[in-house]
Structure formats: C-alpha cells, structure tokens
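Structure first, then comments.
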Amino acid sequence: MFYILLAICFALWIIYDQWKSRRILKLSRQLTNKYKAFPIVGHAYLLIGGDTERMSSLAAFGNEATLNGGTTGLWIGRDFNIVVSDATVAEIILKTCLEKSKMMDVLRHVTGNGTIFAPLSFWRPRRKIIAPSFSPRNLRQFVQVFAKQSNCLIERLKPVVGSGTISISKYITTFTMESVCETVLGVDMQEDQKMFMNALEELCCLSIMRICNPLLQIEAIYKLTSTYNTYYKQKHTIWDIVDRIIKSKQKYAKMNDMSQRNSMVGATKEYPKTFLEILMDSSNETSGLTDLELREEVLVLAVAGTDTSAVGASFVLCMLSRHPDIQDKVYKELFEIFGDSDRPVLADDLPKLKYLEAVIKETLRLYPPVPHIVRKVEKDLTLPSGVTLVKKTGVVVSIWAMHRNPKYWGPDAEKFQPNRFLNGRTYHPYAFMPFSNGPRNCLGYQYAMMSMKTVLATLLRNYKFLPKAMSCEADLQTPFTVKCDIMLRDSDGFQLQLETRNKESHM
Ligand code: HEM
C-alpha cells in the first residue's frame, strides 16, 4: 500500500512538474539539436569529462547554434539554456538581460557580491562606483607600471633564451599578476603571489566542475565530496591575502604616510594612484564602499585582471611563433617606432601600434580568453525569429562560436588574418566581443589592451618567438587544442621557444 501511494505521489509530481515547465519545454522543442538530453541530467553528461573534452562539447553546441541559424538549446540538469552565436540575438540579450544565470552562483561563493557575478541589485551601485577608476587618465598612468614589469619579464626570460621549448604562460602570468598587484593594490605580493595564483587556478577548475555537474551544485551533496574542503580552503587563502593587504593599506592611509607606500612599490612621488586607493578615497561613512565591499571589488579586479590578460598575451605569442611572416611585420612596426633603442614603452606609443593591435584582436577572435558568458532571462523576451525566451531561461552567449561564425567572418573564419582588423574594416559590434558588450561588459577592456600591447611590444623588440621544438609543418597548420575552466587555455601549455632578436635589421 505504501509503495502504491509513493508511486502515485511520484506520478502526480511528474505531471505537476511537466505542467509547471510546459513553456520551457515548448521552447526547448523549438531549439533542438543532434545531442540527446536525458531526464534529470539533460546534456550535462557531455560536460563532466576533462577540461579539453568539456570545451570541445561546448564548442560543438556553439557550432550547432550556428548551423541552426544562431541559437540552440542546452539542458544542464533541469535548467534550460539557449546557446547563442548570432550577433543580433546576442545584442538583444546583452542589452536587456543583465542578471547572471544561476550557474554563476558557484563563483559568487568566491567573489561575494563583487561586480562580476553580483545580482543586479548589488551590481548597479557598485559598477557606478568602480567605473570612474578606469578613466583614461588613470589608465595612461599605469603604462609606466606595465613597462617596468615588462622589463622585469625580459630579465626573467634571459636564462631560458635558446634553451629549447618552454611554457610561456607562467612567465606572462607573473607579469600580469605583478602589474595587477601594483595597479590594483599597490603592493609587491612576493611569496603570497604563488599561493594566490595556485588557489585561483584550483578554484577555477573546481568551480567549472560544479557548474557543469548539476548534482554538485547542491551544497549538501557537494559537502560530501573530497573537493569541498579544498574549495573552501583555497577560497579562504585568497580572501586572507586580500584582507591582509587592504588592512595594511588602510593603516598607511590613516597615517597619511605616502613615503611608506612609495617604499612598498619602489616608486617615485608621482607614482599613479592604485584602484584600491581610488576606491578608498571615494569611500566614507555615508557613501562609497564598506570594508567588505572593498574586499569583494579588489578581489574581482585581481581575479578578472590577471589570468584573462595572461591567457590573451600567451595565445598571441604562440600564434606569432607559428606565423613568422606576421611576427616580422609586427617587428617592422616596432622598429619604425622604437628603432634599436631600449627605451621603455610610453603611453603615447600605444595608439601607434596599429598592426600589433590587429594581431591581438585577431588572436582574441580565434581564442577568446573568456569563451562563454551567461545571463538569465527575467521576463519573457521574443526574438526576431519569433521564438519567445521564457522567464528563467538561462543564456549562454558563445563568444567562441560567434567569433567563428562564417556569417560574420566569411568562409575563412578559422584562418588567422590580422588584416581583418585593419583599413577601417568594421563588423557587427556584437560579432567581435572578447570583452563582452552592452551595459555589463568588461570594465577592464582598455586596461587589458594597454597591458597586453606594452608587454608584447617589449617582448617582441627583444626576442624572436619560434614554435615548440620538433613541430612539423602540419602541426603549425593545426589549430591549438583548447580546454576550458571558466577561462580558455591551450591544452598543450602554451609551448614555444625564444631566441634573442638581432635589432640591427628589422627582418
Ligand atoms: C584579455 C583580457 C580580458 C578579457 C578577455 C576580459 C573579458 C571579460 C568578460 C567576457 C567579462 C564578462 C562580461 C559579461 O558578463 O558580459 C568581463 C567582466 C569584467 N572584467 Fe574583464 N576581461 C579582461 C581583462 C580585464 C581586466 C584587466 C580587468 C581589470 C583590471 C577586468 C575587469 C572586469 C570587471 C570588473 C568585470 C565585471 C563587469 C561587470 O559585471 O560590470 N577585465 N571581462
């Protein structure tokens, strides 16, 4: 009798659930693809493998979207998402749906209500406070930090010049980390830096595993897994480091002792104000950010600004190592501006580096460091195709698929051709968006471009980058195998070789 009652309750629950979800189910039938969605798990079975398999599954869904005219469906557990690779649809969504999807709750455990993953009610006032710190005037001043750190990188690379294949990403990450520490926090993190980066990398891996596995999103179940303790330990490692730095900066601010600060970064009195100082200056008892909010926002800047630019610049160097003709053209441009001098890159040099900028953009097109962005539909939204996105539908804008969609990039969309970004050629603004677009786009877009241009210009004036040893012609033509743990990365670890450049000739 008990089991009969249980079966009846279960059947009634299924009927009720189907009735409640009838509009989402109708939508999912309009956005089908060749991948089977199973009950309870949906398509999640395709996403729970390793990082490389996950990225290839996500890329396959992006491709399905392109084949279906720009949109397709993706069930992660019982949550339905629309995957978008059409610029017009992306524009409508990114302008109207500003709330991040439920998947991002996992990341919110790390950054709290800091802008990047914050719910709308927190995001609006925070963005207002933070945006002014990215003013062109502040950013220009940071170029001296990027130039100084680029020169440190040149020194750090000297021992490995001509020594065979190396993984360039760890060197570039040290550059971006030290630049972010100086510009955001105004400190040299020294031994904390390695701990911070290791913790961040582990958190990215663990977070994506949770995002793609509906069972692990349930806190009670996650607590039973072996990774739970590691996740919270690493989160606290990061929080403790940031808290310690903020506290010490507040102490110095109270003492109003600028000389202390300058001695910490080894700088002069004209040294630019850091993001932390700008935010602290604009905060008091009645306005600005509280201590907790300061920690959250500083954490966002450190997390959002370090790995993204490192991945971007590492892909550029790997691309150039495979395309010596394009590397020569970049060097020619650099030689025209800097000659054979060793002077540091200045803010005024950056707008002149047009070809280098085109190379960076073309690399970010093919290998966008953030390959997917997510949103949540908050009220019914009808697309030009007539399909209505029902409230609570998740959205995955596939920057990866958008950047390879032949509708915008032609039949040679997969080819590396920096000229696409020269001679005033323009594209639909939502067809090229490594930094996203719309009101919730990346706040650090110009910072990132300036930092990447400075470090790449410095490296390419000093070194020639070659493919990893034993690469044959066919290897050089094959696209990089990529993996995704929130960020896109080369599965092979960004391997290349470098040798000293002969500055006398520009070829
Ligand atoms: C190549 C480097 C970078 C890439 C590809 C990148 C990309 C992105 C993307 C795709 C988003 C999500 C936007 C969305 O959900 O629509 C984002 C958000 C954000 N990024 Fe970046 N980013 C980069 C560098 C930076 C840097 C250097 C900083 C700061 C120093 C930064 C700060 C932020 C912030 C604060 C947000 C949150 C914006 C908001 O929600 O209002 N980013 N970035």
Q. Looking only at residues in the range 209-224 that are in a helix (DSSP H, G or I) and in contact with a Leu (Cβ under 9 Å, 6 or more places away or on another chain), which one is surrounded by the fewest Cβ atoms within 10 Å (Cβ to Cβ)?
A. Ile221
Q) Within the range 120-140, restricting attention to residues that are in contact (Cβ under 8 Å) with a residue 40 or more places away in the chain and over 23 Å from Val242 (Cβ atoms), which residue is surrounded by the most Cβ atoms within 10 Å (Cβ to Cβ)? A) Arg140
**Q.** Residues of the range 373-394 that turn out to be surrounded by fewer than 24 Cβ atoms within 10 Å (Cβ to Cβ) and either within 16 Å of the ligand (Cβ to nearest atom) or in a loop (DSSP other than H, G, I, E, B) (or both), as a count
**A.** 15
Q) Can you spot a residue in the range 168-181 that is surrounded by fewer than 16 Cβ atoms within 10 Å (Cβ to Cβ), at negative phi and in a helix (DSSP H, G or I)? A) yes
(Q) Any residue in the range 355-382 that is at positive phi sitting within a Cβ distance under 8 Å of a residue that is within 14 Å of the ligand (Cβ to nearest atom) and charged (D, E, K, R)? List the pairs, counting only those 6 or more apart or interchain. (A) none
Q | Qualifying residues in the range 320-349 (those that are of a type in the set (Gly, Ala, Ser) and at negative phi) - the one modelled with the lowest pLDDT | A | Ser341
Q: Search the range 193-216 for residues that are more than 21 Å from Thr52 (Cβ to Cβ) and pair each with any residue that is in a loop (DSSP other than H, G, I, E, B) and of a type outside the set (Lys, Arg) when their beta-carbon atoms are under 7 Å apart and the residues are at least 6 apart or on different chains.
A: Phe196/Met189; Pro214/Val41; Pro214/Gly77
Q | Contacts under 7 angstrom Cβ, first residue in the range 416-443 being farther than 17 Å from Ser398 by Cβ, partner within 15 Å of the ligand (Cβ to nearest atom) and among the acidic types (Asp, Glu), 6 or more apart | A | Phe416/Glu362; Gln417/Glu362; Pro418/Glu362; Arg420/Glu362; Phe421/Glu362
Q) Only one of these conditions is not met by Arg461: (1) touching a Leu at 6+ places or on another chain (Cβ under 7 Å); (2) within 30 Å of Leu299 (Cβ to Cβ). Which number is it? A) (2)
Q) In the range 464-490, what count of residues is obtained for those that are closer than 20 Å to Pro434 by Cα and assigned to a loop (DSSP other than H, G, I, E, B)? A) 4
Q) Counting only residues that are away from the ligand (no atom under 16 Å from the Cβ) and among the aromatic types (Phe, Trp, Tyr), how many does the range 396-445 have? A) 4
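The values are calculated or read from the model by the stated rules, or taken from the named source; none is laboratory data. A quick note: this is a predicted structure, and the numbers were derived from the prediction, not measured. Positions of Cβ are generated from backbone atoms using ideal geometry, with glycine treated the same way; all protein chains shown enter the neighbour counts.
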